[in-house]
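First the structure, in the form of structure tokens, and then the observations on it.
Every read-out reported here was derived from the displayed coordinates using simple, explicitly stated rules and does not represent laboratory data. Predicted model only: the values in this text are computed from it and were never measured. No Cβ is skipped: glycine too gets one built from the backbone with ideal geometry, and neighbour counts run over all protein chains shown.
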Amino acid sequence: MKNNIQMIGPELFGEPGVNAFVLLDGASVPGLVQLLHRCSPQYECLYRGELKPDIAEVAPYLVQLEVDTEFTDLVLNQGWGKHWGVFALTPEDLFAMRQHLRRFLTVHDSAGKPMLFRYYDPRVMSIYLPSCKPDEVKAIFGPVSRYFMESDGPDAALSFQHKDGSLVQKKVPLTEVQGSK
């Protein structure tokens, strides 16, 4: 049986000129800050400024994934199925993506009160994207060509693309991920 790197890797790294990122939820990934320091991938916290240690531990992080690295292997093999985060594919670099994705961290309720929006949790993103109006889809995608995440279980993947003003959603059994596009 193939491992997650063999199954999901071609989806993340199969297109020339496209960078693979993962938006990781520090609240879902045990010891994420230490893991980032130990493995040293290129990453940025989506929260601004100097964070207190307890906030840094649960903050969202944008990490650029590279083929055949310890960090990528850990995310795909240990995090898949545990709602660690959402993958984003784009031709943009880390800093452009950080700027784009920071815009969605805060939403306002009907009374105008600001609230944190945990869109980087696949359980949230998979429900949020299909509920978006066309202008909202365009905004959340921006430079992102595709969002990719686990489905409601570890045995399936969800792929979301913005094409011709519409959201295209595809659910693919994990055993078929390698051959899909």
Exercise. Let me see the pair-distance distribution of the chain: every alpha carbon pair, 10 Å bin width, integer percents in order.
Key: 9, 39, 38, 12, 1, 0
Quiz item: Given +1 on the Cβ of Lys and Arg, -1 on the Cβ of Asp and Glu, and no further charges, what dipole in debye does the chain carry about its Cα centre, rounded to the nearest 20?
Solution: 440
Exercise. Within 10 Å, count the other beta carbons around each residue, average over each peptide in 157-165, 55-63, and list them highest first.
Key: 55-63, 157-165
Quiz prompt | Estimated inter-spin distance, residue 56 and residue 69, nm [label 7 Å along Cα→Cβ] | solution = 1.9
Practice problem: For the range 2-87, give the magnitude of the charge dipole about the Cα centre (Cβ charges: +1 Lys/Arg, -1 Asp/Glu; no others), in debye to the nearest 20. | Solution: 160
Self-check item: Listed residue (41, 107, 8) projecting farthest to the positive dipole end of the chain, Cβ model
Solution: 107
Quiz item: Taking the Cβ of residue 41 as the center, what net charge do the other residues with Cβ under 11 Å away carry, scoring Lys and Arg +1 and Asp and Glu -1?
Solution: -2
Quiz item: Taking only C-alpha pairs under 8 Å that are 6+ residues apart, what is the relative contact order of the chain in percent?
Solution: 24
Quiz item: Sorted by average packing, counted as other Cβ atoms within 10 angstrom per residue and highest first, what order do 144-152, 40-48, 69-77 take?
Solution: 144-152, 69-77, 40-48
Quiz item: So, by mean Cβ neighbours within 10 angstrom, what's the order for 89-99, 23-33 with the highest one leading?
Solution: 23-33, 89-99
Quiz item: What percent does the relative contact order of the range 1-79 come to when contacts are Cα pairs within less than 8 Å and at least six residues apart?
Solution: 40
Quiz item: Taking the simple approach of a point 7 Å from Cα along Cα-to-Cβ for both residue 78 and residue 124, what is their distance in nm?
Solution: 2.3
Quiz item: Put +1 on the Cβ of each Lys and Arg and -1 on the Cβ of each Asp and Glu in the range 70-181; which of 159, 141, 169 then has its Cα farthest toward the positive end of the dipole?
Solution: 141
Quiz prompt | Rounded Å value of the spacing that divides the Cα centres of the range 11-43 and the range 45-62 | solution = 15
Exercise. Give me the distance in nm between label points sitting 7 Å out from Cα along the Cα-to-Cβ direction at residue 93 and residue 107, one decimal.
Key: 3.2
Practice problem: Any chance you could count the Lys pairs in the range 4-179 whose alpha carbons are under 23 Å apart, treating pairs 8 or more apart or on different chains as valid? | Solution: 10
